[in-house]
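The block underneath contains the structure these notes are about, expressed in C-alpha cells.
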Amino acid sequence: MYQRYDELYKEAAEKGDIIAINNPGNCYFNGIGTEKDEIKTFELYKEAAEKGTEKDETKAFDLYKEAAEKDEIYVILNLGYCYKNGIGTEKDETKAFELYKKAAEKGIIQSIYQLGEHYFYGIGTKKNEIKAFELYKQAAEKGYSDSMNDLGYCYQHGIGTEKDETKAFKLYIKAAENGHITSMNNLGECYQYGIGTNKDEIKAFALYKELVERDHIYSLYDLGYCYENGVGTEKDEIKAFKLYEEYENKL
C-alpha cells in the first residue's frame, strides 16, 4: 500500500530535510491530508528556518544549493506570516518584520511587498510611507499584482510620492488585466469619478457588476449606489436596497 504524501513528508522531515520540514508545515496549515494544526505549522516552519542549508562550493552542487537556498527563504517567509498573524505562536509583529526584511534582501517578491505593507501601516516598525512606496514600486516592477494595486493607491492619494492619478489609473489597469479583484474595483472608481481618465459611468457599472458576480463584497455597495442613483444604468431602488442589505449581511 502506498503511503499518503503527508506521511512521506513527515518521514523525510524527521531525517532533517528542509524542504520536507516546510511541506508538512503547509499540510498542517491548510489541513491537507491531516487535521489543521496551527501550532504544528509554526513549529515546522521555525525548525526549517533555523536549520538552513549546508553550503557546498563544488560546481556539482551549485544548482542544488541554489534551489535549497530558495526553499529556505520561502520557509522564512512562511514563518514571518505565522508571527504576523499569531498562527501557532504568540503574535510578534517585530519578528515578522525582521523575517520579511531578511527574505526581501534575497529578492523574494512576496517579502518585498510584505515589507512595504509593514512600513505603510507601521507593523513591527515605525511607519514610513516613502519606504513603503519604494518597496511597492520595486515589487510592482517585478510584476506582483498586489504591489501594482498598492502603488496605484499611493499615486492616487499622494502617499510617499507626488500625486499622479494618471499613473494610478494605468497601474490599476495593469493589475486588473492580471485578474486582481481590488484593482478592478479601484478601476471602477476611476471610471465613475474620472480619476486619471475620462469619466465613464457605464464602464464603472459594468466593472462593479462583474465583481459582484465574482463575490467581491465591497462592490455590492458600489453596485447598489449605481442602481440607487442611476450611475451607468437605469435607476432601480429595489435592486439598490437588496444589494445594500446583502453588503451589510456579509460584513
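The values are calculated or read from the model by the stated rules, or taken from the named source; none is laboratory data. The structure presented is a predicted model; accordingly, all values stated were derived computationally and were not measured. All Cβ positions, glycine included, derive from the backbone under ideal geometry; neighbour counts span all protein chains shown.
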Among residues of the range 97-116, those that are surrounded by fewer than 21 Cβ atoms within 10 Å (Cβ to Cβ) and either without any contact (Cβ under 8 Å) to a residue 24 or more places away in the chain or on the phi > 0 side of the Ramachandran plot (or both), counted: 3
Residue in the range 98-108 that is among the β-branched types (Val, Ile, Thr) and at pLDDT 95 or above present: no
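Among the listed residues GLY160, GLY179, which satisfies the condition of being at positive phi, in a loop (DSSP other than H, G, I, E, B) and surrounded by fewer than 17 Cβ atoms within 10 Å (Cβ to Cβ)?
Numbers: GLY160 fails: surrounded by fewer than 17 Cβ atoms within 10 Å (Cβ to Cβ).
Just one listed residue meets the conditions, GLY179.
Results for (1) outside any loop (DSSP other than H, G, I, E, B); (2) among the basic types (Lys, Arg); (3) in contact with a Cys (Cβ under 7 Å, 6 or more places away or on another chain); (4) over 20 Å from SER183 (Cα atoms), shown as yes or no for each residue.
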| position | (1), (2), (3), (4) |
| --- | --- |
| GLY88 | no, no, yes, yes |
| LYS101 | yes, yes, no, yes |
| ALA104 | yes, no, no, yes |
| ILE112 | yes, no, no, no |
| GLU117 | yes, no, no, no |
| ILE130 | yes, no, no, yes |
| LEU151 | yes, no, no, no |
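Within the range 194-251, which residues are among the small types (Gly, Ala, Ser), under 30 Å from the mean Cα position of the chain (by Cα) and more than 23 Å from LEU171 (Cβ to Cβ)? Steps first, please.
As a first pass, look at the range 194-251 and keep what is among the small types (Gly, Ala, Ser): 194, 196, 204, 206, 219, 224, 230, 232, 240.
Still in the list and also under 30 Å from the mean Cα position of the chain (by Cα): 194, 196, 204, 206, 219, 224.
Within the range 194-251, GLY224 is the sole residue that qualifies.
Taking the options LYS167, LYS137, name whichever one is surrounded by 18 or more Cβ atoms within 10 Å (Cβ to Cβ), of a type outside the set (Phe, Trp, Tyr), touching a residue at least 12 places away in the same chain (Cβ under 8 Å) and part of a helix (DSSP H, G or I). Please lay out each step first, then the result.
On the way: LYS167 fails: surrounded by 18 or more Cβ atoms within 10 Å (Cβ to Cβ).
Going through LYS167, LYS137 in turn, the sole match is LYS137.
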Among the candidates TYR155, TYR191, residue that is farther than 26 Å from LEU243 by Cβ and touching a Lys or Arg at 6+ places or on another chain (Cβ under 8 Å): TYR155
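If the requirement is being in contact with a helix residue (DSSP H, G or I) (Cβ under 9 Å, 6 or more places away or on another chain), outside any helix (DSSP H, G or I), without any contact (Cβ under 8 Å) to a residue 24 or more places away in the chain and not hydroxyl-bearing (Ser, Thr, Tyr), which of these qualifies: LYS209, LYS239, LYS235? Give the derivation first.
Details: LYS209 fails: outside any helix (DSSP H, G or I); LYS239 fails: outside any helix (DSSP H, G or I).
Only one candidate passes the filter, namely LYS235.
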